[in-house]
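The values are calculated or read from the model by the stated rules, or taken from the named source; none is laboratory data. These numbers were taken from a predicted model, which means no experiment stands behind them. For neighbour counting, all protein chains shown are included, and Cβ atoms are generated from backbone atoms with ideal geometry for every residue, glycine included. These area figures cover heavy atoms from the full protein model, side chains too; ligands, DNA and RNA do not enter into them. Shrake-Rupley method; radii C 1.70, N 1.55, O 1.52, S 1.80 Å.
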Amino acid sequence: MTFNTGNDLIEADDLVGLIADTGVAIAGLQELSPRNAEALERSLQEELPHRVLYGEYFNGKGLLSRYPVLEHERFEVPSGRSYLRAKLEIDDREVGVFVAHPPPPDPRFLELAASPYSCQDVAAMLQRASLDIPTLFIGDFNCVPVNRSYRLMHRAGLIDTFRAAGRGPGLTYPVRYQYAGIPVPRMARLDYIWATWHFLPVGSAVLKAPGSDHRPVVSHLALAAKT
């Protein structure tokens, strides 16, 4: 699952309940607030016992996993944001996971389609990845398929799992006006789970969630046998 939690827009109990109800094995979170990081640290110990949580509001990231986390790091990308990289052990195999959140376009600088940092951030992330092992890239990528950053992921051979196995447009943003809580119609698909060829997308869906201005995306993936 990927979910931009909207900073403190979602209540801690609602976030914990959402993740528990989905039954996911791996959850990547963006805009994780200190309050929600603390709540997750105390929760889901049986379902998702392995976690890396940085509650830092808009720069916050989180990873919860059913599988052991062998190693993890935070690294800075050209926009100045910090991304999360981890290596998990799944069925005696090493699996890479990245939790990313490139910046959105800033209309104050006439950035209407995408931030110029978006593609740079994605390129820096891909340089840090080992695409010869199973790897997932989870996040609010603040892009749509016509943007350069989306095309960069596609050219790297990565699978947009919702596009491969989801139904409908998969719109995830916006759900509400951020500062007033007023519902608004969703207009864009910004939230993605990308996978290397080692994964077969079986199904994918956009879920409802209270609070956040984004909707979470869940993908069911089958990991191919070792060759």
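Quick look at the numbers
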{"quantity": "Å² of accessible area per residue within the chain, as computed with a 1.4 Å probe and no ligands counted", "calculated": "47 Å²"}
{"quantity": "Cα Rg, Dmax, region 112-227, angstrom units", "calculated": "14.9, 52"}
{"quantity": "Around P201: net Lys/Arg minus Asp/Glu count, Cβ-Cβ under 14 Å", "calculated": "+1"}
{"quantity": "Rg followed by Dmax, in Å, when region 6-92 is reduced to its Cα trace", "calculated": "12.8, 38"}
{"quantity": "Accessible area (Å², 1.4 Å probe, nearest 10) - E71", "calculated": "80 Å²"}
{"quantity": "Helical contribution to [θ] at 222 nm, DSSP H n ≥ 4, -39,500 (n - 2.57), averaged over the chain, rounded to 500", "calculated": "-5500 deg cm²/dmol"}
{"quantity": "With all protein chains modelled, accessible area of H50 [1.4 Å, Å²]", "calculated": "60 Å²"}
{"quantity": "Alpha-carbon Debye profile of region 37-82, log10 I(q)/I(0) at 0.21, 0.29, 0.31 Å⁻¹", "calculated": "-0.76, -1.09, -1.16"}
{"quantity": "Sequence of R148, R35 from largest to smallest accessible area, 1.4 Å probe", "calculated": "R148, R35"}
{"quantity": "Carbon plus sulfur fraction of accessible area for the chain, probe 1.4 Å, in percent", "calculated": "52 percent"}
{"quantity": "With all protein chains modelled, accessible area of D91 [1.4 Å, Å²]", "calculated": "130 Å²"}
{"quantity": "Which of D13, D8 is most accessible, then next, and so on - probe 1.4 Å", "calculated": "D13, D8"}
{"quantity": "Amide H contacts of G60 (H built 1.01 Å from N, under 5 Å, at least 5 apart or other chain)", "calculated": "E31, L32"}
{"quantity": "Calculated FRET value between R93 and R128, using beta carbons and R₀ = 25 Å, to 0.05", "calculated": "0.80"}
